[in-house]
């Protein structure tokens, strides 16, 4: 045999003997070995499944966010400084008006905008008296939350996706004294919510308003406690439009781009008079969601793995105590402390490796099953699944460190005496 062959044989023989010792031990206690492998598999699988499901959920949440909230942009009027003069005539607006009369037309001219409209919170500027009949006072009826008077255009209804009679929404773009009632406002005023509100009236500051329909869909609707009147009618009730805003719904994914140009589209002569709500990019939101869910998954998996390590360590300590006589005999026959410790470390590594394989399979099945049950797109990362055996080996190595050190410290004389 060549020198190189003898060297290889000298290296492999101890490893083969060590593996043989481990297999003999595991074979003699099959139930214990199976339970330890199962424990490692479940802990490693739980950790991998948690991380996999968090990635999957964050991806789904990110997609939902991109499809809903990020296509809304709000533009508010900046209050006029006390020393400011009148608004320039170039805008087509009067001294009391910042938003131009053709706001909706200007929004429609921007390709990336799907819908948009104005809103004026009349009750924030003045305190209109709302009554069911001329002699009724809704404010003296003990209602702690009287209805708000809100003036909007039909474009605002479409942009906010508020349920309303679509065939009557054109009233909101005119000057007729009509009103749409939210469900809570109708209840507070004692107005029956019927399919045909013909003949129903309410009074605002002594002026009659014909009820032409109802908006919203229950108490959770944004305009549930509102009396909605045409924007032009509401504008006539207030000193100026400083409490006005514009709601813009963009094409999917165009929120950030529209936020940069919408002010110049509305008031190119005085863009400083309007303020745009900040729009967070999809990538920032996804990154934040993914980070938080990964942390939750990591902590949950880590706690489970610590419990598994303690369980395996306890089982191996019991095995060391049961094999005290055997260990003492090995030591008396010349087996080194390193060799004794190596047997238990190798047992922990082998158990961890087999458990990691089980955990990888468990995690893959769990992620795919969760996606199927929730109608999600399965996001399975092969690299993370392949790390299951490595996670199992780490768990087994840590769990067997103390039992191995304890076994290596056994004295041959004390071992024989203990029997």
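At R0 = 22 Å, how high is the FRET efficiency between residue 23 and residue 383 if r is their beta carbon distance? Nearest 0.05 is fine.
0.10
For a footprinting-style exposure proxy, rank 104, 347 by other Cβ within 10 Å, fewest first. Working shown, then result.
Values: 104 21, 347 26.
Ascending Cβ contact count within 10 Å gives the list 104, 347.
Mind giving me the nanometre distance, one decimal, between the label points for residue 210 and residue 376, set 7 Å out from Cα along Cα→Cβ?
With each label point 7 Å from Cα toward Cβ, the separation is 5.3 nm.
For the stretch 88-269, just list the percent of Cα-Cα distances falling in each 5 Å bin from zero outward, please.
Histogram of Cα-Cα distances, whole percents per bin: 1, 8, 17, 20, 19, 15, 10, 6, 4, 1, 0.
What distance in nm separates the simple spin-label points at residue 194 and residue 269, each placed 7 Å from Cα in the Cβ direction?
Computed distance between label sites residue 194 and residue 269 equals 4.9 nm.
Beyond 20 Å, what share of the Cα-Cα pairs of the stretch 187-267 is found? Please give it as a whole percent. Could the numbers behind the result be given before it?
Details: 1762 of 3240 pairs.
Pairs farther apart than 20 Å: 54 percent.
Take residue 175 and residue 314, extend 7 Å from each Cα along the Cα→Cβ direction, and tell me the distance between the two endpoints in nm.
8.4 nm
Any read-out appearing in this document is the output of simple, stated calculations on the displayed coordinates, not a laboratory observation. Note that this is a predicted model, so its numbers are computed, not measured. Don't worry about glycine lacking a Cβ; one is built from the backbone with ideal geometry, like all the others, and counts go over all protein chains shown.
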